[in-house]
Amino acid sequence: MPRPISRPLPQAESPTGSRIQGHAVPALFPEKGSVSVMLFGEAPGPRGADQSGIPFWGDGAGITVYRALATTGRAEVPEAAWEDWNGGRFRTLGLRPKLHGTALSNAYPACPTKDGEHFHAPSNRDLLAPANLARLSEELGRARADRSFPLQVIAFGKRAEWVLSRLPEAASFELHALPHPSAQGLLQGAPNRGKGLKLEDLREAWQARLVALLSLR
């Protein structure tokens with residue numbers, strides 16, 4: 001497998017001592033073996049990946065992602081992680097997932113913020129910045145290396161789907177889209193914006209859809 005090109009990743013600007021670290025979170029690949037599916041979220045969450053340094057690891061919405069990965073045998077999750085899903089705790093305890101045939105990343109690599117305290121969705125300018133597009137292309141190139149069948153790419157949320165569909169090599173992978181697994185994303189994507197539906201039911205339905213996509217390869 002070719003080594004990725006060393007290139008500075010975009011960083012979010014966070015004031016010193018702020019809650020949000022703003023460090024770029026690199027894509028996570030399996031320790032060995034090929035990749036058949038790559039998942040892209042929107043950006044690292046302030047309580048999760050921004051603290052743990054691992055995509056979706058500790059994010060409020062990430063627990064549903066890892067449940068689907070564990071169900072399909074695509075990830076091994078330490079039992080202690082389920083007890084308190086928190087990126088800072090994971091970092092302190094050295095808890096890490098182990099992936100199989102799957103890679104994880106985000107449409108934008110750092111937790112976007114304007115004040116160092118609150119998450120702010122990445123803008124079109126952030127997503128289309130040359131350094132960010134180059135990063136996405138390099139990660140996808142690494143995932144596609146030595147493959148004889150198309151790479152399956154799953155985007156969570158409209159922002160991730162939007163930027164991935166605009167990459168020059170978008171035709172070289174199969175792009176699937178799911179609503180963002182956050183509470184807001186699930187409610188907005190549900191019929192009548194989720195009126196009369198329980199959030200836990202929406203999470204279970206979303207997880208089932210992801211399991212189905214992960215089982216394609």
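The values are calculated or read from the model by the stated rules, or taken from the named source; none is laboratory data. Everything quoted here is computed from the prediction, not taken from an experiment. Note that each Cβ is placed from the backbone with ideal geometry, even for glycine, and that neighbours are counted across all protein chains shown.
Quick one: count up the residues across region 181-212 that are closer than 14 Å to Y66 by Cα and either part of a loop (DSSP other than H, G, I, E, B) or touching a strand residue (DSSP E or B) at 6+ places or on another chain (Cβ under 8 Å) (or both).
Looking only at that region, the number is 5.
So L151 passes all but one of these: (1) surrounded by fewer than 18 Cβ atoms within 10 Å (Cβ to Cβ); (2) modelled with pLDDT under 95. Which condition number does it fail?
So the condition that L151 fails would be (1).
Yes/no per residue for (1) crowded, with 17+ Cβ neighbours inside 10 Å; (2) modelled with pLDDT of 95 or more; (3) of a type in the set (D, E, K, R); (4) farther than 19 Å from S36 by Cα:
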| residue | (1), (2), (3), (4) |
| --- | --- |
| P55 | yes, yes, no, no |
| T72 | yes, yes, no, no |
| E76 | no, yes, yes, no |
| W82 | no, yes, no, yes |
| W85 | yes, yes, no, yes |
| R91 | no, yes, yes, yes |
| A107 | yes, yes, no, no |
| P112 | yes, no, no, yes |
| D115 | no, no, yes, yes |
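Find the residue count for region 174-214, including only residues that are in contact (Cβ under 8 Å) with a residue 12 or more places away in the chain and within 18 Å of the chain's Cα centre (by Cα).
Here the count works out to 20.
Can you give me the number of residues within region 122-153 that are part of a loop (DSSP other than H, G, I, E, B) and either closer than 18 Å to L39 by Cα or of a type in the set (D, E) (or both)?
Residues flagged as part of a loop (DSSP other than H, G, I, E, B) and either closer than 18 Å to L39 by Cα or of a type in the set (D, E) (or both) within region 122-153 amount to 6.
This table checks each residue for (1) in a helix (DSSP H, G or I); (2) among the aliphatic types (A, V, I, L, M).
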| residue | (1), (2) |
| --- | --- |
| G22 | no, no |
| P26 | no, no |
| S34 | no, no |
| M38 | no, yes |
| A43 | no, yes |
| Q51 | yes, no |
| I63 | yes, yes |
| A68 | yes, yes |
| A80 | yes, yes |
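Of all residues in region 158-173, how many are without any contact (Cβ under 8 Å) to a residue 24 or more places away in the chain, more than 21 Å from D146 (Cβ to Cβ) and in a helix (DSSP H, G or I)?
Summing the residues that are without any contact (Cβ under 8 Å) to a residue 24 or more places away in the chain, more than 21 Å from D146 (Cβ to Cβ) and in a helix (DSSP H, G or I) in region 158-173 gives 2.
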